[in-house]
Amino acid sequence: MSETKNADTAVDTTALAASGMIGSGQEGGVLDQARAYIQRVRGGDMGVLPAVAGFVVLCILFAVLSPYFMTDRNFANLLTQAASYVMLAMALVFVILLGEIDLSAGVTAGVAMSIFVVLSNPGGIAMNWILALILSLLTGVAIGAFIGFFVARVGIPSFVVTLGLFLGFQGLQLLIIGTGGLYRIQQPEILAIQNNNLPVWGGWLMLAVMLLISGGTAVLDRRRRVRAGVPNRTVVLVWIKLGVILVIGGLFVALLNQNRGQVNYLAGKVVGGNVIEGVPIVVPITLAILWAGTFMLDRTRFGRYLYAIGGNPEAARRAGIKVVGIKWAAFGICSTLAVVSGFFTASQIGSVDASFGRDIVLFGVAAAVVGGVSLFGGRGRLIHGAVGALVIAVITNGLGLLNLGGGVNYLVTGGVLILAATVDAVSRVRGGGSLTR
Amino acid sequence: MDEPIIELSDIKKSFGPVSVLKGVSLKAYPGKITALVGDNGAGKSTLIKGLAGVQPYDSGVVNFNGTPVHLTNPREASALGIEVVYQDLALCDNLDIVQNMFLGREETSFGTFDEGEMERQASETLQSLSVRTVKSVRQRVSSLSGGQRQTVAIARSVLKSAKVVILDEPTAALGVAQTEQVLNLVKRLADQGVAVIMISHNLVDVFQVADYISVLYLGQMVAEIQTKDTTSDDVVGYITGSKTYTGVSA
């Protein structure tokens, strides 16, 4: 198309917006945008807001109740405790968006980690750890494909298929590891994920990369919209977004760059030096996967079709979408990211036994729901799973600091889950939706 | 008489022992509205699903612009410019108007969505159909009324220069004002040169907009007539089988 044609359409659409016929929700200044946002929230489209609010409230509560909560050491601790939940919740979002579920995500991680430790254990097969890591990730892909086959091809409800695997894989783990067996993780690289930190400058570099990516995509997006001749949101919003990343991210990195403590125990041994400072390595890994996944969900056909199938599978099929293939891919991604979560857990606790991953999956599902992902499918984002997981993790962390044990922890976590689901349901009814969907 | 853009002849389709279409013929002309009427179970939906490529026919000839074509999946039909707007709307509630209109055929550059381009085309299409009831093309479909949804579904069908648009009961669930809106939209569609095939149970609607009426009765096409040559009573007779069409096929 020539320049003049574009110019013409640009004029057309501005005239259109001015005449108030069909807008795109991008017009107006900051105030208009803010008003539209508030209206969306009041209409039941609350997104991640309740989870963020819950997180802040819990943090304030624990900060008041425990002097240890608001320390930089505990802050780093919280992040590493949350990392496995965050990754698992993000994994599950991919299948929950389809309206499916993967109850075997935890034991999938267990099986893959069992294979990893058996293969890489220096006293046994002693395979190169990178090769073992790749093989265990591929185990995740294979398990996902297996689930996808039964769900998408054969047509068995995913609840049933993955419940079967949940039981079966516990047996498989026992067979691989041996009853009562326990393998210590011996690869320093795997242990480093949760126990080592970026150098001080690395944290700032991470923040700079985040700002660059966020600003860069904003510029590219706006350029595309200008080329198409449709209005852009006011540029102030971009600056606000970058400002928020800069301030929150800056505080975050600055806090983690403080020296926190002299000793760091791992399985009874002192690891690391006297100085512990920097952003835990698990953080940039998680952020990178969060970014890549969100990019895929928001900007590529695969992501759009995932939402479409979750919203109305028949509509998706009639639009020519290959529903089976998309489902297959979603289960593959879910199981693979579940294995990544398994590596985080293994790195944190330093060992793998036959019950590895058995208990974690329902926390992952709970995290996704608390974050605002709909179990009916079609609604939710990866960041929702991540924030929900932070909420779940902060409950465990804070109650632990208050010396309240597992009993209270489970009760509170369950209560928060039901509360979150209620907030979601009520907000949607107020927004005109029905209670069941 | 114009050349029909779609001409079906001797179409047969059965599900197991049940024969649903027993040698059906149908014509649709560019710029004209052909109403397809018939009682429940007459085979209207089955006939349409075959044209859409969703459920291929067992046998018979489909001529598109005079050349025989085989429609075995929705993409082939779509590539020819045959679009279907289904009764249950086939929209995704959780997506917005633009996303729904482009579902399955998104504009991309470098593998990622060109949202601006899609947004422009969507609002241009809605404008060309003189749609005034939609506030923003970025509204979620879940927030739209029945008439607005039907509007979006129809706009989706003409987005990519459709030649034939098939509407499955476009006014079934709508109130009076919204029915009027949608029927006007259907007329504008035909004014743009699109061949419209409209399934309807509502003979008032049919007589208001249709140029031709085709009546299916128990899997057979019992009448293909010009609207101006017939009356509502006659058509009811053909639909229920109490009357036999004796005139020349239109």
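The values are calculated or read from the model by the stated rules, or taken from the named source; none is laboratory data. As the structure is a computational prediction, the values presented were derived from the model and not from experiment. Don't worry about glycine lacking a Cβ; one is built from the backbone with ideal geometry, like all the others, and counts go over all protein chains shown. Side chains included, ligands, DNA and RNA excluded: accessible areas come from the protein's heavy atoms. Shrake-Rupley method; radii C 1.70, N 1.55, O 1.52, S 1.80 Å.
Worth pointing out:
- Note on segment A:196-226: residues that are surrounded by fewer than 17 Cβ atoms within 10 Å (Cβ to Cβ) and in a loop (DSSP other than H, G, I, E, B) amount to 1.
- Residue count for segment A:153-187, restricted to those that are modelled with pLDDT under 90, out of contact with any strand residue (DSSP E or B) (no Cβ under 9 Å at 6 or more places or on another chain) and open to solvent by 40 Å² or more (accessible area, probe 1.4 Å): 2
- Residues that are among the β-branched types (Val, Ile, Thr) and crowded, with 16+ Cβ neighbours inside 10 Å occur in segment A:188-195; there is at least one.
- Residue in segment A:405-416 that is within 14 Å of another protein chain (Cβ to nearest Cβ) and among the aliphatic types (A, V, I, L, M) present: no
- Verdict on B:VAL20 being out of contact with any Leu (no Cβ under 6 Å at 6 or more places or on another chain), farther than 21 Å from B:VAL158 by Cα and open to solvent by less than 50 Å² (accessible area, probe 1.4 Å): yes
- Residue in segment A:38-54 that is open to solvent by less than 30 Å² (accessible area, probe 1.4 Å), out of contact with any Ser or Thr (no Cβ under 6 Å at 6 or more places or on another chain) and more than 28 Å from A:ALA308 (Cβ to Cβ) present: yes
- Candidates are the residues of segment A:99-122 that are outside any helix (DSSP H, G or I) and open to solvent by 10 Å² or more (accessible area, probe 1.4 Å); the one that is nearest to A:ARG304 (Cα to Cα) is A:GLY99.
- Set B:VAL61, B:VAL69: member being modelled with pLDDT of 85 or more, open to solvent by 50 Å² or more (accessible area, probe 1.4 Å) and more than 9 Å from chain A (Cβ to nearest Cβ): B:VAL61
- Taking the numbered list (1) surrounded by fewer than 20 Cβ atoms within 10 Å (Cβ to Cβ); (2) within 18 Å of the chain's Cα centre (by Cα); (3) facing another protein chain (nearest Cβ under 7 Å) in turn, B:THR112 passes all entries but (2).
- A count restricted to segment B:23-58 and to residues that are open to solvent by 10 Å² or more (accessible area, probe 1.4 Å) and part of a strand (DSSP E or B) stands at 3.
- If you check B:GLU83, B:GLU107, B:GLU76 for being without any contact (Cβ under 8 Å) to a residue 24 or more places away in the chain, within 18 Å of B:LEU47 (Cβ to Cβ), open to solvent by 10 Å² or more (accessible area, probe 1.4 Å) and more than 8 Å from chain A (Cβ to nearest Cβ), only one passes: B:GLU76.
- Residues of segment B:124-154 satisfying the condition of being assigned to a helix (DSSP H, G or I), within 11 Å of another protein chain (Cβ to nearest Cβ) and over 18 Å from the mean Cα position of the chain (by Cα): B:GLU124, B:GLN127, B:VAL141, B:SER142, B:SER143
- Under the condition of being touching a strand residue (DSSP E or B) at 6+ places or on another chain (Cβ under 8 Å) and in contact (Cβ under 8 Å) with a residue 60 or more places away in the chain, the residues counted in segment B:134-159 number 6.
- Among (1) open to solvent by 10 Å² or more (accessible area, probe 1.4 Å); (2) in contact (Cβ under 8 Å) with a residue 40 or more places away in the chain, the one test that A:LEU306 misses: (1)
- Residue match in segment B:194-203 (condition: assigned to a helix (DSSP H, G or I) and open to solvent by less than 60 Å² (accessible area, probe 1.4 Å)): yes
- Checking A:GLY229 against (1) farther than 30 Å from A:GLY28 by Cα; (2) crowded, with 18+ Cβ neighbours inside 10 Å, the condition it does not meet: (1)
- A Cβ distance below 7 Å, combined with a sequence gap of six or more or placement on separate chains, defines the contacts here; from segment A:220-235, residues that are more than 7 Å from chain B (Cβ to nearest Cβ) reach residues that are crowded, with 19+ Cβ neighbours inside 10 Å and of a type in the set (Ser, Thr, Tyr) in the pairs A:PRO231/A:THR13; A:PRO231/A:SER24.
- Look at (1) closer than 28 Å to A:ILE190 by Cα; (2) more than 17 Å from the chain's Cα centre (by Cα) and you find that A:GLN33 fails only one, number (1).
- Number of the condition not met by B:TYR245 [criteria: (1) at pLDDT below 85; (2) under 20 Å from B:LYS187 (Cα atoms); (3) among the aromatic types (Phe, Trp, Tyr)]: (2)
- Matching residues in segment A:304-346 - criterion: being among the β-branched types (Val, Ile, Thr) and within 14 Å of chain B (Cβ to nearest Cβ): A:ILE309, A:ILE321, A:VAL323, A:VAL324, A:ILE326
- Scanning segment B:86-101 for residues that are closer than 30 Å to B:ASN63 by Cβ and more than 8 Å from chain A (Cβ to nearest Cβ) returns B:GLN87, B:MET101.
- Output for segment A:15-55, where each listed residue is at pLDDT below 70 and within 15 Å of B:VAL137 (Cβ to Cβ): A:LEU16, A:ALA17, A:SER19, A:GLY20, A:MET21
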